[in-house]
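Below: one structure, written as structure tokens.
The values are calculated or read from the model by the stated rules, or taken from the named source; none is laboratory data. Every value quoted in this text rests on a predicted model; they were computed, and no experiment measured them. A quick note on method: Cβ atoms are made from the backbone with ideal geometry, for glycine too, and the neighbour counts reach across all protein chains shown. These area figures cover heavy atoms from the full protein model, side chains too; ligands, DNA and RNA do not enter into them. Shrake-Rupley method; radii C 1.70, N 1.55, O 1.52, S 1.80 Å.
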Amino acid sequence: MKTRFGTLYNNINFSSANGRVAVLNSFMFCARRFMLAFSTIFIQDFLWLQLFVYLYSTLYVACFFIHVKPMNGKFYNNIEIFNEVTTLISVYF
């Protein structure tokens, strides 16, 4: 099982207190991509709704990384947080 789905759980820390919640990282990634694709295709005429979906999904994922810290090392967690924060800044401007 690990060899088949190992890339989905790459660098995720299961041994921490938040190990069970850290598994949600892959689910949130896929769900967020689906929401962004759905909003891009089906609500083309509503720019504010697209921005709302994009902004709040990014904000939710950033809060998840700040609170849960699902990655193995501090460096990987900081990179993910930096990525989400720069994405939030780019949405505002």
Criterion violated by residue 26 - all others in (1) within 22 Å of residue 71 (Cβ to Cβ); (2) at pLDDT 65 or above; (3) surrounded by fewer than 10 Cβ atoms within 10 Å (Cβ to Cβ) satisfied
(3)
Check whether at least one residue in region 25-44 is closer than 18 Å to residue 92 by Cβ and among the β-branched types (Val, Ile, Thr), and report yes or no.
no
The number of residues in region 61-90 that are surrounded by 13 or more Cβ atoms within 10 Å (Cβ to Cβ) and touching a residue at least 40 places away in the same chain (Cβ under 8 Å) is 7
I'd like to check something: does region 41-51 contain any residue that is of a type outside the set (Lys, Arg), modelled with pLDDT of 90 or more, within 12 Å of the chain's Cα centre (by Cα) and open to solvent by 80 Å² or more (accessible area, probe 1.4 Å)?
no
Of the residues in region 24-67, those that are of a type in the set (D, E, K, R) and touching a helix residue (DSSP H, G or I) at 6+ places or on another chain (Cβ under 8 Å) come to 32
